Amino acid sequence: MDWFQQLGFICFVFYTKTPYPEVSITLKQLNEFYFILNGKSRCITLHKNVNWPCVVKIVADIGKVQVKLIKKVLGLWPTFGTISATRNIQIDYWKCELLDSFNVTHNTKFLLFKYEQNLYNHVYPGRHIYIKANVKGHVVSRPYTPVCPLVETTEYGKISEDTLCLLVKSYPNGKLSRHLCSLNQGDSIDVSRPQGSFECWTSKTNLILLAAGTGITPMLPIIWNALHSSIKNYNITLLFFNKKETCIIWKKYLDQKSAAYLSRLTVHYILSEEENSKGDTKGHIDENVIIKYFPSINNDLKNEYAVCICGPSGFNKLCEKLVIQQGYEKDDYFVFG
């Protein structure tokens, strides 16, 4: 562990030497900073008090974790404090309360939650959490992908480091989705530890993303991290399938991001019930769409392309079949769901 400071903050740098380390941080007292890295728990008793939330930067590929804490009072400390090992108490769920909710489409909401304690759990792109709630006397649990807008915006107020953000579509028969979309400010839910096995392909340079409806949620953090990677330049093609243009989640943010990264992010909106104003193909996922937008894999391109798929189960199965027909192998694609 290394540490450094300036008058207003103190930073700790941890080198786990393992890709995609588990990272959980808690400020239990204003001078007691607990962290869990890959299952190992430590406590730092700080020299003086700090504020919350913290700011975390992670270089996932090499397992470097940097945690920045803002000092309560300006000044240089003679020491960071003391560090000690602690017993890791496994916690499966934490309480979160709703801060605010915003309509995104006619049936989709953007929900902002805050942990009831000073807690930060890092969720990697493509990973998910489980949301658990009591719905009419029955405990219901479903996986959701935390997600933030692709561009800086004040539309949803200030989103801090420890805010948990979810896009939730209310389905007519969805017990949990309807419950979440009906929550009022201050209502609480239970949130699990981050889970999942997805890891971005560091050996690939071109990502093709196939998303239908709320299947866009795991793609958004993948897009953001690929475009802002400090390791390599990724080129991304997103095929986003919806019924109508009014159903497209965060279309304006996707358009703004693709305009800012013209040569690296291409977005195609494929609608099934109306023509697209951009002139993209109308219809559903099929072989013609794949042939039009996918490069055929040959020996020269084999190690350059990777595919992500997320949508309803029928969409996922058909996409996987079509992708395999194009020459992609198991290590070249990932299906969420």
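The values are calculated or read from the model by the stated rules, or taken from the named source; none is laboratory data. Keep in mind that this is a model prediction, so the values were computed, not measured. Cβ atoms come from the backbone with ideal geometry, glycine included; neighbour counts cover every protein chain shown. Ligands, DNA and RNA are excluded from the accessible area calculation, which covers all protein heavy atoms including side chains. Shrake-Rupley method; radii C 1.70, N 1.55, O 1.52, S 1.80 Å.
Of the cross-linked pairs 109/204; 109/317; 17/72, those separated by over 30 Å at the C-alpha level are 109/204; 17/72. A straight Cα-to-Cα reach below 16 Å connects residue 71 with the lysines 28, 48, residues fewer than 8 places away in its own chain not being considered.
What share of Cα pairs, in percent, lie more than 37 angstrom apart in the chain? Roughly 23 percent, once rounded to a whole number.
For an R0 of 45 angstrom, estimate the FRET efficiency from the Cβ-Cβ distance between residue 229 and residue 184 and round to the nearest 0.05. According to the calculation, E is roughly 0.70. Charging the Cβ of each Asp and Glu at -1 and of each Lys and Arg at +1, and nothing else, the dipole of the chain about its Cα centre rounds to 760 debye. Straightening the chain between residue 252 and residue 15 buys 81.5 nm, computed as 0.36 nm per residue apart minus the Cα-Cα spacing. The length gained on full extension between residue 193 and residue 275, counted as 0.36 nm times the residue separation minus their Cα-Cα distance, comes to 25.4 nm.
Solvent-accessible area assigned to carbon and sulfur over the chain amounts to 48 percent, based on a 1.4 Å probe. In summary, no aspartates and glutamates lie within cross-link reach of residue 175, defined as a Cα separation below 14 angstrom excluding same-chain residues under 8 places away.
Taking the DSSP beta bridges with both ends in the chain, the antiparallel portion is around 75 percent. Taking the charge dipole of segment 180-294 about its Cα centre, with +1 at Lys and Arg Cβ atoms and -1 at Asp and Glu Cβ atoms, the residue from 203, 214, 241 reaching farthest to the positive side is 203. Here the Karplus curve 6.51 cos²θ - 1.76 cosθ + 1.60, taken at θ = phi - 60°, turns the phi angles of segment 102-115 into couplings of 9, 6, 9, 10, 5, 9, 10, 10, 9, 10, 10, 10, 10, 4 Hz, with x standing for Gly and Pro. Counting only residues at least eight positions apart within a chain, or on another chain, the lysines with an alpha carbon under 19 Å from that of residue 292 are 278, 282, 302, 321. As a rough guide to protection, the peptides 160-169, 227-236, 91-100 ranked by mean Cβ packing within 10 Å, highest first, stand as 160-169, 91-100, 227-236.
For residue 308, the residues 5 or more places off, or on other chains, whose built amide H falls under 5 Å of its own are 208, 209, 210, 334. The stretch between residue 134 and residue 263, if pulled fully straight at 0.36 nm per residue, gains 41.8 nm over its current Cα-Cα span.
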